[in-house]
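The values are calculated or read from the model by the stated rules, or taken from the named source; none is laboratory data. As the structure is a prediction and not an experimental result, all values here were calculated from the model. Heads up, the Cβs are rebuilt from the backbone with ideal geometry, glycines too, and the neighbour counts pull from every protein chain shown.
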Amino acid sequence: MKRLVLALDVYERERALEIARETSDYLWAIKVNWPLILGAGLDVIKELKETANVPLIADLKLADIPNTNRLIAGKVFEAGADYVIVHGFTGRDSVNAVKELGEVIIVVEMSHPGAEEFIQPVADGLIKLANDVRPFGVIAPATRPERISYIRSKLRDGIKILTPGVGAQGGSAKKALEAGADYVIVGRSIYESKNPREKARKFHEELMGAI
Ligand code: O7M
């Protein structure tokens, strides 16, 4: 089973497609975020799917009223995204507006230092929201594996944990998986490397060995 998600945070369409082509053998999915969508346009989602033949996660971290979330997510699912990432702090009506259109992933806790200011203190509420809404998965920080364990212990069975913060942000892929994550999200450590395919292969093997 593949557990690696490539965070393809580059601007250029050609570069994105090339990295996707080189690394796809080792990926469960590709995650696109604002940098690539702003740089290459929404059509890059379909092109990436055709090139890499893996699921596509649109990480827009939607955080708006239900109607606006619905308007944005509608376009993104139509463009070929298999999953859309939403913030939970806007409340369950905003999350459900997206879930009515397709699979969602809810941000429960983030990986950067500032996450301790506002998001971490409300993580329990966001976990409860996820348990009620039953998304495909939630986001939890690889930079704090103990928080992955905590979130896993409170999360309803079947909800996946996807974890960013590995490599460039200092987290360990193996420790994140051991703490209870299902999928590990890696960006710069792969796409900024001289040999993205080899880097992706190494992460894939590390993740295989961790189970
Ligand atoms: O490996 P990196 O640090 O280059 O990239 C990590 C990716 O994960 C990048 O696309 C971030 O926007 C994203 N991310 C975080 O780094 N931290 C978070 O808390 C949440 C995300 C994310 O994917 O949220 C859905």
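One residue stands out among those in the range 91-122 that are of a type outside the set (A, V, I, L, M) and in a loop (DSSP other than H, G, I, E, B): the one that is nearest to the ligand (Cβ to nearest atom), which is Ser111. When the residues of the range 141-186 are filtered to those that are in a loop (DSSP other than H, G, I, E, B) and either crowded, with 24+ Cβ neighbours inside 10 Å or basic (Lys, Arg) (or both), the one that is farthest from the chain's Cα centre (by Cα) is Arg156.
Taking the condition closer than 25 Å to Asn69 by Cα, within 11 Å of the ligand (Cβ to nearest atom) and either over 18 Å from the mean Cα position of the chain (by Cα) or at pLDDT 95 or above (or both), does Val138 pass?
Values: closer than 25 Å to Asn69 by Cα: yes; within 11 Å of the ligand (Cβ to nearest atom): yes; either over 18 Å from the mean Cα position of the chain (by Cα) or at pLDDT 95 or above (or both): yes.
Yes; evaluated as a whole, the condition is true for this residue.
State yes or no: is Val76 buried (at least 17 other Cβ atoms within 10 Å of the Cβ) and assigned to a strand (DSSP E or B)?
Values: buried (at least 17 other Cβ atoms within 10 Å of the Cβ): yes; assigned to a strand (DSSP E or B): no.
No, not satisfied.
Residues in the range 144-156 include none that are small (Gly, Ala, Ser), touching a Pro at 6+ places or on another chain (Cβ under 8 Å) and in contact (Cβ under 8 Å) with a residue 12 or more places away in the chain.
Which residue is surrounded by the fewest Cβ atoms within 10 Å (Cβ to Cβ), if the candidates are limited to the range 13-53 and must be outside any helix (DSSP H, G or I) and more than 16 Å from the ligand (Cβ to nearest atom)? Here the residue is Asn53. Residues in the range 195-208: is at least one at pLDDT 95 or above, within 15 Å of the ligand (Cβ to nearest atom) and part of a loop (DSSP other than H, G, I, E, B)? Taking every residue of the range 195-208 in turn, none turns out to be at pLDDT 95 or above, within 15 Å of the ligand (Cβ to nearest atom) and part of a loop (DSSP other than H, G, I, E, B).
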